[in-house]
Amino acid sequence: MEAQWLLLGVALVFTALMVVAYVRPNGLVRGNVAWFACGWLGSEFAPWLAAAAFAFVAASLGIPGATQAEPGRLAVMLLVASGLGLVVVAGRTRQSSRRLAAALREGLGGSYAGEVPAQRLAAVAEIPLRRYLHPLPRRSRAVELMADVPYPGGHARNVLDVYRPAAGCRDAPVLLQIHGGDWVAGHKRQQALPLMHHLASQGWIVVAVNYRLGPAARFPAPVVDCKSAMAWIRGHIAALGGDPSFIAVTGGGSGAHLASLLALTFDHLELQPGFEQIDTRPAACVALHGVYDLADRKQRYLHRRSRLRWLGTNLMPQPLGHETAMWDRASPATLVRADAPPFFILHGTHDSLAHVGEARDFAQSLQRVSCNPVAYAELPGAQHGWDTLCSPRALHTVRAVTHFLEWCAARHRALGALRDNANRARS
């Protein structure tokens, strides 16, 4: 009898994971950490969970008496239903792959792949099946890590990691990765590891940065730190084999918010105290599951008042009612501009922490005014932070982001060659 109740408990867990991963979150659960955790686990590990559910069914049928009483029979039915539901959830991964490819075609043009040297895309043309068997990110021997390099700022958090090809590189494109964590938590080695490891193995230099956190450090301290890291890269990356003229920026969650601010405030010199003369404009920006309107002007969050109160006591120096202008300067949605760098904005339809409508509006606003390409991908079924581990959806995201960044780097090289030719012709 104990085995039957234990099996029923396991079945209820699988059912909960399936339901939360399948159902699109509404206002009541938005911001709920437990819902986010179950949804993230259920959606990103649906193939493994489905296999485990069917394995429990098979095991229960081999245990004498396990399904004779009502709890055992109910457990088997729930396990079968949750397993089938998780198969459907896993199928959304293929939809995400198609949606990412379509977003790049729409944002960059149908022939974008032809504008990138074939050898730069060969490594991500297809994701081998063996990659799906190792969900935990692992840095290969082809990637060298320089850990905890200090950059100007004077705080213990003002350190960064440099990932680069172990065999060395020359004029390598550079990516600055900014971690998320609601501006009050997080670390440079916790997020976007699949992307960082992959790019570094393909000849990129990736710099992951820590920055000051709230509530001790309020806005604009995190932005100032990230700009300081950008300035450090500009001055030091050539000695490490990087190209200081091409530095893209990326981040997830609150990291996407900060990355977008870097891309949209490159001439706001008040955010560069002591290093105003250094160019901190990113060459491109990739923003994943981000927050773009801190004031929630369209009132998408049911618990808007408590959300604004939390931001006012953990990130912003003053509550919204006291300092509206500062909240505007901290919101990428109010800072869109014609000379913004190329953007790739990605968000999940099932994100329960950051509203997908916020990302959609931000992308549309940029597309209306920006002279550079803006690609927007809305991933079916994706929860917040889907890119953290090597899930199928995360690996498809790595492929799409690599395509975007390689396209931006190729365009940068082509424009540089045109400028050099023009200069030679004038001389």
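The values are calculated or read from the model by the stated rules, or taken from the named source; none is laboratory data. Given the structure is predicted, the values throughout are model-derived calculations rather than measurements. Please note: Cβ atoms are built from the backbone with ideal geometry, for glycine as well, and neighbour counts cover all protein chains shown. Heads up: the accessible areas ignore ligands, DNA and RNA and are worked out on the full protein's heavy atoms, side chains in. Shrake-Rupley method; radii C 1.70, N 1.55, O 1.52, S 1.80 Å.
Can you confirm whether segment 330-344 contains a residue that is at pLDDT 95 or above, assigned to a strand (DSSP E or B) and closer than 30 Å to residue 405 by Cα? First the steps, then the outcome.
Narrowing segment 330-344 to residues at pLDDT 95 or above: 330-344.
Checking the rest, the ones that are also assigned to a strand (DSSP E or B) come to 343-344.
The next check asks that each one be closer than 30 Å to residue 405 by Cα; those that pass are 343-344.
Within segment 330-344, one or more residues are at pLDDT 95 or above, assigned to a strand (DSSP E or B) and closer than 30 Å to residue 405 by Cα.
Could you list, ordered by first residue, the pairs with Cβ atoms under 9 Å in which the first is in segment 22-37 and more than 17 Å from residue 380 (Cα to Cα) and the second is surrounded by fewer than 12 Cβ atoms within 10 Å (Cβ to Cβ), at least 6 apart or interchain?
Close Cβ pairs satisfying both conditions: 31/306.
Among (1) under 22 Å from residue 101 (Cβ atoms); (2) in contact with a strand residue (DSSP E or B) (Cβ under 8 Å, 6 or more places away or on another chain); (3) open to solvent by 10 Å² or more (accessible area, probe 1.4 Å); (4) assigned to a loop (DSSP other than H, G, I, E, B), where does residue 360 come up short?
That leaves (4) as the condition not met.
Go through segment 177-210 and give me each residue that's within 10 Å of residue 165 (Cα to Cα), open to solvent by 10 Å² or more (accessible area, probe 1.4 Å) and not in a helix (DSSP H, G or I).
Selection gives 202, 203.
Considering only residues that are touching a residue at least 40 places away in the same chain (Cβ under 8 Å), part of a loop (DSSP other than H, G, I, E, B) and open to solvent by 10 Å² or more (accessible area, probe 1.4 Å), look in segment 293-329 and name the one that is farthest from residue 271 (Cα to Cα).
302
Please indicate, with yes or no, whether at least one residue in segment 126-141 is of a type outside the set (Asp, Glu), touching a strand residue (DSSP E or B) at 6+ places or on another chain (Cβ under 7 Å) and modelled with pLDDT of 95 or more.
No.
Residues are listed down the side, and each one gets a yes or a no for (1) within 22 Å of residue 155 (Cβ to Cβ); (2) in a strand (DSSP E or B); (3) open to solvent by 10 Å² or more (accessible area, probe 1.4 Å); (4) of a type in the set (Ser, Thr, Tyr):
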residue: 213; (1), (2), (3), (4): yes, no, yes, no
residue: 216; (1), (2), (3), (4): yes, no, yes, no
residue: 226; (1), (2), (3), (4): yes, no, no, no
residue: 232; (1), (2), (3), (4): yes, no, yes, no
residue: 245; (1), (2), (3), (4): no, yes, yes, yes
residue: 256; (1), (2), (3), (4): no, no, no, no
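Results for (1) over 23 Å from the mean Cα position of the chain (by Cα); (2) in a helix (DSSP H, G or I); (3) at pLDDT 90 or above; (4) surrounded by fewer than 22 Cβ atoms within 10 Å (Cβ to Cβ), shown as yes or no for each residue.
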residue: 5; (1), (2), (3), (4): yes, yes, no, yes
residue: 12; (1), (2), (3), (4): yes, yes, yes, yes
residue: 16; (1), (2), (3), (4): yes, yes, yes, yes
residue: 28; (1), (2), (3), (4): yes, no, no, yes
residue: 37; (1), (2), (3), (4): no, yes, yes, yes
residue: 43; (1), (2), (3), (4): no, yes, yes, no
residue: 54; (1), (2), (3), (4): yes, yes, yes, yes
residue: 67; (1), (2), (3), (4): yes, no, no, yes
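Taking the options 366, 405, 395, 389, name whichever one is among the aliphatic types (A, V, I, L, M), closer than 26 Å to residue 311 by Cα and either in a helix (DSSP H, G or I) or open to solvent by 10 Å² or more (accessible area, probe 1.4 Å) (or both). Outline the logic, then answer.
Values: 405 fails: closer than 26 Å to residue 311 by Cα; 395 fails: closer than 26 Å to residue 311 by Cα; 389 fails: closer than 26 Å to residue 311 by Cα.
Checking each option against the conditions leaves just 366.
Looking at this structure, is residue 122 within 21 Å of residue 204 (Cβ to Cβ), in contact with a helix residue (DSSP H, G or I) (Cβ under 8 Å, 6 or more places away or on another chain) and either surrounded by fewer than 16 Cβ atoms within 10 Å (Cβ to Cβ) or at pLDDT below 90 (or both)?
no
With the structure loaded, tell me whether residue 350 is within 23 Å of residue 193 (Cβ to Cβ), not hydrophobic (A, V, I, L, M, F, W, C) and not in a helix (DSSP H, G or I) or whether it fails that test. Talk me through it step by step, then tell me what you get.
Numbers: within 23 Å of residue 193 (Cβ to Cβ): yes; not hydrophobic (A, V, I, L, M, F, W, C): yes; not in a helix (DSSP H, G or I): yes.
Here the answer is yes, as residue 350 does meet what is asked.
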